[in-house]
Amino acid sequence: MKEKKSVIFFRYALLTIGVILSCLPMIYMISTSLRPNGALYEYPPRFFPKLQDVTVENYQYIISQNKFYINFFNSVIVSVSTVALAAIISSGLAFVIARFQFPGRKVLFGFIIVTMIIPGTTLIVPQFELAVKLKVVNKLWGLIPFYTAWVIPFSTFMIKGFMENIPDEIIEAATIDGADIFTVFFRIAIPLSTPAIASVSIFNFLTAWEEYPWANTVINDNAIRTLPIAIAGFFGQHQFTQWGYVFAMSALSLIPVILVFILFQKYFVTGLTAGSVKG
């Protein structure tokens, strides 16, 4: 009995340490955003601000800037478009690979798996050349196809495992009743795969929402910049980095991410585990 209690205590101790380490960066970000910029350079440094130093002036400044709303709206457009487009394409690919037998099926799926292990930074140069040829440089909508291409392999991989678990009897019954392939896909496969699609959509949203290197490479116009580029714009301004503004905008940018997790949390675990084991 004592051994069991010690195991439980050790388990919860590890979980507690993990939670604290995971939350420390976010706590420090919020703490820094609630103090004046000058207070950041005090010695000795403080993890939490003094009570009399707590201020919301950083948030007031960010909210008062019209460009914040423009950058925020740009990120929303890019992220939502990427999620929607990736969901449609990856669902179609997963359905075809999971439910049909055709020559080259395994090769196609293997190619999709291989693309998942290629570091994205190694593709910036060829992607930029492609963007130039497609004339999408310095265009907001030009980010969407590239982001979509990045997330399709992982999305297809996850949704495929889920669609393989759809009982054959359901699809056979629909086919006998006269349903064509598009009816089976949109009326049966998609609804039954909603948890998997929703879970990968969370990751796809995060990828598009927080991506910086590629957006900074192809976007030069301030009017079409996304939030990560706008946040980086505070670095080095006025001879020093305005950390209060940086962390205030970073904290505000977390609001959509938190809302997405709250809305889709019921699908998150189900979508990641239900398709992982076939049978």
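The values are calculated or read from the model by the stated rules, or taken from the named source; none is laboratory data. Nothing here was measured: the structure is a model prediction, and the numbers come from that model. Heads up, the Cβs are rebuilt from the backbone with ideal geometry, glycines too, and the neighbour counts pull from every protein chain shown.
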With criteria (1) within 29 Å of Q127 (Cα to Cα); (2) charged (D, E, K, R); (3) surrounded by 14 or more Cβ atoms within 10 Å (Cβ to Cβ), E164 comes up short on (1)
If you go through the range 94-104 one residue at a time, do you hit one that is touching a residue at least 12 places away in the same chain (Cβ under 8 Å) and more than 27 Å from the chain's Cα centre (by Cα)?
yes
When you go through (1) out of contact with any Pro (no Cβ under 8 Å at 6 or more places or on another chain); (2) at pLDDT 90 or above one by one for W209, which number turns out not to apply?
(1)
Might you check whether a residue that is at pLDDT 80 or above, surrounded by 12 or more Cβ atoms within 10 Å (Cβ to Cβ) and closer than 30 Å to I197 by Cα occurs anywhere in the range 29-37?
no
Restricting the range 185-201 to residues that are among the aliphatic types (A, V, I, L, M) and without any contact (Cβ under 8 Å) to a residue 60 or more places away in the chain, the residue that is farthest from F162 (Cα to Cα)
I188
Of the residues F182, F235, which is surrounded by fewer than 19 Cβ atoms within 10 Å (Cβ to Cβ) and at pLDDT 85 or above?
F182
Quick check, is S75 under 30 Å from I181 (Cβ atoms) and within 21 Å of the chain's Cα centre (by Cα)?
no
With the checklist (1) within 24 Å of P213 (Cα to Cα); (2) in a helix (DSSP H, G or I) in hand, flag the one item I118 doesn't pass.
(2)
Report, ordered by the first and then the second residue, all pairs with beta carbons closer than 6 Å, sequence separation of six or more or different chains, a first member in the range 163-184 that is farther than 15 Å from F100 by Cα, and a second member that is hydrophobic (A, V, I, L, M, F, W, C).
A174/V184; A174/I188
Taking T226 and the conditions (1) among the polar types (S, T, N, Q); (2) crowded, with 20+ Cβ neighbours inside 10 Å; (3) out of contact with any helix residue (DSSP H, G or I) (no Cβ under 7 Å at 6 or more places or on another chain), which numbered condition does it fall short on, given that it satisfies the others?
(3)
Whether any residue in the range 50-70 is exposed (fewer than 15 other Cβ atoms within 10 Å of the Cβ) and in contact with a helix residue (DSSP H, G or I) (Cβ under 6 Å, 6 or more places away or on another chain) is what I want to check.
yes
